[in-house]
Structures are given as structure tokens and as C-alpha cells.
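Report on the structure given below.
The values are calculated or read from the model by the stated rules, or taken from the named source; none is laboratory data. Small disclaimer: the values here were computed from a predicted structure and weren't measured. FYI the Cβ positions are ideal-geometry reconstructions off the backbone, even for glycines, and counts take in every protein chain you see.
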Amino acid sequence: MQLGHKTIPKEFLNNLPEGIKYVVKNNKDFLVVEQLFCQEGHSLMVNNVRMHGESSIRLKVKLGKSEGNIFVDAFWGSHDKLYSFMCKYTDEDLMEEEVCCPTCGCSLMVENEMPCEVCGSTKSIELILPGINNKILVCAKVGCPQHKLIAKEVSPKISEIVSDINYFGL
């Protein structure tokens, strides 16, 4: 797994939301999620599975008849994942996954106000950042790269630019 690089707006760096940090690797700027919670307040970050030298995000996932934990790269826009189980599914199973907190089992799934712009899914995975009403929404359809940052410290225009940061083919 190799990190790519995208330009981060300076306006965002000046108003980083809690739970997201700025790092420099090989003289390039990156954003890293360092604090995330379920709706019940349990941390989703784990230090024992690290990706690119940082803690990862642990989620309990059910996809078709397969179930277990996935560990998601905390670098913003990266889609690297490690699975704790053998993932077997049919094309029919690829519609949407069910995602829960690995600590308490509460569902992290929410209904979208509008369908995903990329794939049309009506569900997202809601991950809570520190701060009032700060969160990350990730499309629930397997393989869709759509994710969105919602933070009071960030203007909608800058949030849209940051939300569009994706690293493909890593």
C-alpha cells in the first residue's frame, strides 16, 4: 500500500476539526483521522493495527454471509482496508454492507437525505468526530468511494473540496 498525494486547502488546515490531524510524509501534506466514535461514544480507533504508521479505524461488517472486523486506513481519502475474515459474497450481496460498532454493536448505518451522487445508494455509514455535530459520512455501497466531512469549523465549499479527496489504486 502506497500513499498518493492531493492538495489540501489552506483554509481547511487553518480550521482543522477536532479528531483530524495534519501530517507531513516525504515532504507532502496529508490529513489523518485520529478520533472517531460510534453514536454511543465508543472509540472506533485501534492502535494495534496500523496502516502507514497510523492507528486504523475498526468496524464490524456483515457482507452477504461473511462477517467480521475490517480495519480502514485513517489517511483521509485512502480506501485501503484489512479484513479479519475471508469475505465471500455474490453480486447480489454487493448492494450494501451492514456496519456496526465493534464494541457495543450499535448500527452505524443511516439513511441519506439524498441518494449518493456516485452510485445512488440511499444509506451511509455515520462516524462521529469530536465536537458538536461533526461527523464523516461514508457511502454504504461496497466499492463506492464517496465520503463526506460535516464539521461546524469548515465552510460547505471547503468541506466539499476536502470530501472529494480520494486516492485510487493504492
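Tell me the residue from Gly77, Gly41, Gly53 that is in contact with a strand residue (DSSP E or B) (Cβ under 7 Å, 6 or more places away or on another chain) and not acidic (Asp, Glu), please. Before the answer, list the steps.
Values: Gly41 fails: in contact with a strand residue (DSSP E or B) (Cβ under 7 Å, 6 or more places away or on another chain); Gly53 fails: in contact with a strand residue (DSSP E or B) (Cβ under 7 Å, 6 or more places away or on another chain).
Testing whether each residue is in contact with a strand residue (DSSP E or B) (Cβ under 7 Å, 6 or more places away or on another chain) and not acidic (Asp, Glu) leaves just Gly77.
Picking from residues in segment 44-66 that are surrounded by 15 or more Cβ atoms within 10 Å (Cβ to Cβ) and not aliphatic (A, V, I, L, M), the one that is nearest to Leu108 (Cα to Cα) is Lys60. In segment 60-89, the residues that are more than 15 Å from Leu127 (Cβ to Cβ) reach residues that are among the aromatic types (Phe, Trp, Tyr) with C-beta atoms within less than 7 angstrom, at least six apart or across chains, in these pairs: Leu63/Tyr89; Gly64/Tyr89; Ser66/Phe85; Ser66/Tyr89; Glu67/Phe85; Gly68/Tyr83; Gly68/Phe85; Leu82/Phe71. Which residues, counting only those in segment 19-41, are surrounded by 15 or more Cβ atoms within 10 Å (Cβ to Cβ) and part of a loop (DSSP other than H, G, I, E, B)? Matches in segment 19-41: Gly19, Glu34, Gln35, Leu36, Cys38, Gln39. Looking at Ser55, Ser84, Ser66, just one residue is within 18 Å of Lys141 (Cβ to Cβ), hydroxyl-bearing (Ser, Thr, Tyr) and over 11 Å from the mean Cα position of the chain (by Cα), and that residue is Ser66.
Is it the case that some residue within segment 123-136 is aliphatic (A, V, I, L, M), in contact with a helix residue (DSSP H, G or I) (Cβ under 6 Å, 6 or more places away or on another chain) and either part of a strand (DSSP E or B) or modelled with pLDDT of 85 or more (or both)?
no
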